[in-house]
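Nothing in this text is a laboratory measurement; each read-out follows from the coordinates by a stated rule. Everything quoted here is computed from the prediction, not taken from an experiment. Using ideal geometry, Cβ is built from the backbone for each residue, glycine included, and neighbour counts are taken over all protein chains shown.
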Amino acid sequence: LAGYSYILDRSIGRDEIKLGNNGFAWSAGVSVGYVLKRNFGARLFCDYSSTSTSLGLSPSTELGIMDISSKNRTIHALTWGATASILF
């Protein structure tokens with residue numbers, strides 16, 4: 001899957017850490033399903049997602065942030081899971 005990610009500007013704390021950026025996002029996944037009995041199935045899956053965001057830091061003595069900085073970073077997420085299904 002591919003698309004556009006819209007991330008609202010968000011602050012963590014009292015505005016010392018700001019997240020936000022809009023941009024390209026994509027994900028891919030694989031799953032394996034098996035019918036265990038006539039009306040019961042199971043599935044294992046793994047999904048990978050990636051999107052970019054900006055991270056802005058403002059000076060804060062409490063958090064040990066001395067300078068203003070801003071960086072673009074890519075967020076990677078790997079999700080593993082399993083499902084059980086009643087089939088009819």
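Projecting label points 7 angstrom from Cα along Cα→Cβ for Lys37 and Ala82 puts them 1.7 nm apart. Cβ crowding within 10 Å, taken as a proxy for footprinting-reagent exposure, orders Leu55, Leu36 from fewest neighbours to most as Leu36, Leu55.
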